[in-house]
């Protein structure tokens, strides 16, 4: 199928919207758009970060998911208490594959679930006493923890528990950082507000802990990697490139990160933002308070990596600029070999994406390096500034869909017929049953890393093994295929 | 009265950012921008207008300020 024209895309959107009642149709129409590269501002064509309609299948998460699951969870040497009923913590435990180094249960706690396990009694009489007891127990059982964060679940806000008071009291008693985070799930329209709340909690309770303390030796080449959650080892694959070009990575936020790294971040010279959506708040704060500039970068695919490395280097002196060129040259033969191997197998294939955070625009470059084309993209919880940045990356007349519903996404895929869909685990099995090759792009379908030059090789291999998998030819039941072989099958004894 | 974060873009233009509204726009014109007087009415890239209290000297950017919507 050739690329769609503007009119065809418009007709497609209208056709999909047809089924809705009038009021919902009007609302959903604002969230579906046709990309127009001539626009500077996305608010001319698409509405985002609005409440999902009741009754549609949305794929969004909650504020607790944004705070505990995304921002705080990967900080490995802190214990993150899921404060409230047991389910929220247990069903999201270890699902995001934020890799880390350490001995789980001794000095790192990433994949463990700590919860106050609220019952009816706690809702009626309040859970502050339980929280205090829980913190005391943690101190006895896991003395090597470097801090505790209290991640509120919905009931905490509803019954009005004072987790701040408990945290302050216990901080005094134990002498450790204890951070209350007001990330009750019902806040906001999606996990995006959870990111913001988590950033604000870091700002208020952690970041200024070492202000005025100059004992940490600094260099002119200190940087912090912000918004890389080390999914499948992503942050490690990024970090090696930065270190190779001569920079010193002081902190990783927050994949494989520690609280000490976070406290040292205000001492760096430049903040590197990978996931803009979840961490731009803290970068803006550090720019204002500590005068640390920040830039966004993109480590998906060799074209974007080279672009980003040069951009990062432009903030430093000649040695780093040479370093960037050296790194690009060093990996050149490696990534050219990857492209030479996979491009012939993937050339011309069309991809539809629907993910969260940074990926709907960041991975486009990596697909283009492999000769593939992204024909539709959308954010679960993006804001206008995300779409501003997406317009230029996407081709003209391609589809943009914000907070797409299950029904719309299925219809779009049926009509556009892409060769690959990249989305989350909730969509995975629907599309696979429809016979469409699918990659789960939230945690790289249990593969990874995808960042950096090393990650690109894995990315290319994964896309190839999904799209060119022989199983897609066998989706239809053999007795339903029209071209049955003339010769009857021989019975095997 | 939204609180507005001002920062300089790489090309030297001032950016006007309101976190709660997801508004990130360039400042097209500023009423007073001289060494002894700064502030007043601002016009953004999308045409909307805000007002900053007038300061005696240009502030150090980046900075969060209160702005009035006009």
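Among residues that are surrounded by 19 or more Cβ atoms within 10 Å (Cβ to Cβ), within 21 Å of the chain's Cα centre (by Cα) and more than 14 Å from chain B (Cβ to nearest Cβ), residue A:323 is not included.
Just checking: which of the helices (runs of 4 or more DSSP H) contained wholly in the range A:114-170 hold 3 or more residues that are more than 27 Å from residue A:261 (Cα to Cα) and more than 31 Å from the chain's Cα centre (by Cα)?
Details: elements: A:120-125, A:128-141, A:154-159.
By residue number, A:120-125, A:128-141.
If we scan the range A:18-30, do we find a residue that is in the same structural domain as residue A:392 (by TED's automatic domain parsing) and touching a residue at least 40 places away in the same chain (Cβ under 8 Å)? So far as the range A:18-30 goes, yes, one or more of its residues are in the same structural domain as residue A:392 (by TED's automatic domain parsing) and touching a residue at least 40 places away in the same chain (Cβ under 8 Å). Within the set A:318, A:307, A:261, A:288, the sole residue that is farther than 15 Å from residue A:455 by Cβ and within 14 Å of chain B (Cβ to nearest Cβ) turns out to be A:288.
Have a look at A:56, A:70 and point out the one that is touching a residue at least 60 places away in the same chain (Cβ under 8 Å) and in the same structural domain as residue A:4 (by TED's automatic domain parsing). Steps first, answer last, please.
Working: A:70 fails: in the same structural domain as residue A:4 (by TED's automatic domain parsing).
Of A:56, A:70, the one residue that is touching a residue at least 60 places away in the same chain (Cβ under 8 Å) and in the same structural domain as residue A:4 (by TED's automatic domain parsing) is A:56.
Within the range A:206-245, the set of residues being assigned to a helix (DSSP H, G or I) and crowded, with 20+ Cβ neighbours inside 10 Å comprises A:207, A:234, A:235, A:236, A:237, A:238, A:239, A:241, A:242.
Here is a list: A:105, A:87, A:110. Which entry is within 21 Å of the chain's Cα centre (by Cα) and either buried (at least 21 other Cβ atoms within 10 Å of the Cβ) or not assigned by TED's automatic domain parsing to the domain that holds residue A:403 (or both)?
A:110
Scanning the range B:10-52 for residues that are part of a loop (DSSP other than H, G, I, E, B) and either on the phi > 0 side of the Ramachandran plot or more than 11 Å from every other protein chain (Cβ to nearest Cβ) (or both) turns up B:11, B:12, B:13, B:22, B:35, B:36, B:47, B:48. Here residue B:4 fulfils each of the conditions (1) more than 27 Å from residue A:46 (Cα to Cα); (2) away from chain A (no Cβ under 11 Å) apart from (1). Selection over the range A:31-48 of residues that are farther than 19 Å from residue A:418 by Cα and either over 30 Å from the mean Cα position of the chain (by Cα) or in contact (Cβ under 8 Å) with a residue 24 or more places away in the chain (or both) gives a count of 12.
Residues in the range A:130-143: is at least one touching a residue at least 60 places away in the same chain (Cβ under 8 Å), assigned by TED's automatic domain parsing to the domain that holds residue A:93, more than 15 Å from residue A:113 (Cα to Cα) and touching a helix residue (DSSP H, G or I) at 6+ places or on another chain (Cβ under 9 Å)?
Filtering the range A:130-143 for residues touching a residue at least 60 places away in the same chain (Cβ under 8 Å) gives A:142.
Next, only the ones that are assigned by TED's automatic domain parsing to the domain that holds residue A:93 stay: A:142.
So of that shortlist, the ones also more than 15 Å from residue A:113 (Cα to Cα) come out as none.
No - not one qualifying residue is present in the range A:130-143.
Taking the range A:266-297 only, how many residues are closer than 24 Å to residue A:317 by Cα and within 13 Å of the chain's Cα centre (by Cα)? Residues that pass the stated criteria total 2.
Determine if the range A:327-343 includes at least one residue that is in a helix (DSSP H, G or I), touching a residue at least 40 places away in the same chain (Cβ under 8 Å) and in contact with a strand residue (DSSP E or B) (Cβ under 9 Å, 6 or more places away or on another chain). Looking through the range A:327-343, none of the residues is in a helix (DSSP H, G or I), touching a residue at least 40 places away in the same chain (Cβ under 8 Å) and in contact with a strand residue (DSSP E or B) (Cβ under 9 Å, 6 or more places away or on another chain).
Considering only residues in the range A:29-50 that are within 14 Å of chain B (Cβ to nearest Cβ) and in a helix (DSSP H, G or I), the one that is surrounded by the fewest Cβ atoms within 10 Å (Cβ to Cβ) turns out to be A:44.
Among the residues of the range B:53-70, write down those that are away from chain A (no Cβ under 14 Å) and within 17 Å of residue B:13 (Cα to Cα). Of everything in the range B:53-70, just one residue is away from chain A (no Cβ under 14 Å) and within 17 Å of residue B:13 (Cα to Cα), namely B:58. Hey, residue A:254 hits all of (1) surrounded by fewer than 24 Cβ atoms within 10 Å (Cβ to Cβ); (2) at pLDDT below 95; (3) under 22 Å from residue A:76 (Cα atoms) but one; which does it fall short on? Residue A:254 satisfies every listed condition except (1).
In the range A:357-392, the residue that is surrounded by the fewest Cβ atoms within 10 Å (Cβ to Cβ) out of those that are in a loop (DSSP other than H, G, I, E, B) and touching a strand residue (DSSP E or B) at 6+ places or on another chain (Cβ under 6 Å) is A:372. The residues of the range A:171-180 that are free of Cβ contacts under 8 Å to residues at least 12 places away in the same chain and either assigned to a loop (DSSP other than H, G, I, E, B) or surrounded by 16 or more Cβ atoms within 10 Å (Cβ to Cβ) (or both), listed by number, are A:171, A:175.
The values are calculated or read from the model by the stated rules, or taken from the named source; none is laboratory data. From a predicted model like this one, the values you see are computed outputs, not experimental measurements. Every residue, glycine as well, gets a Cβ built from its backbone with ideal geometry; the counts of neighbours run over all protein chains shown.
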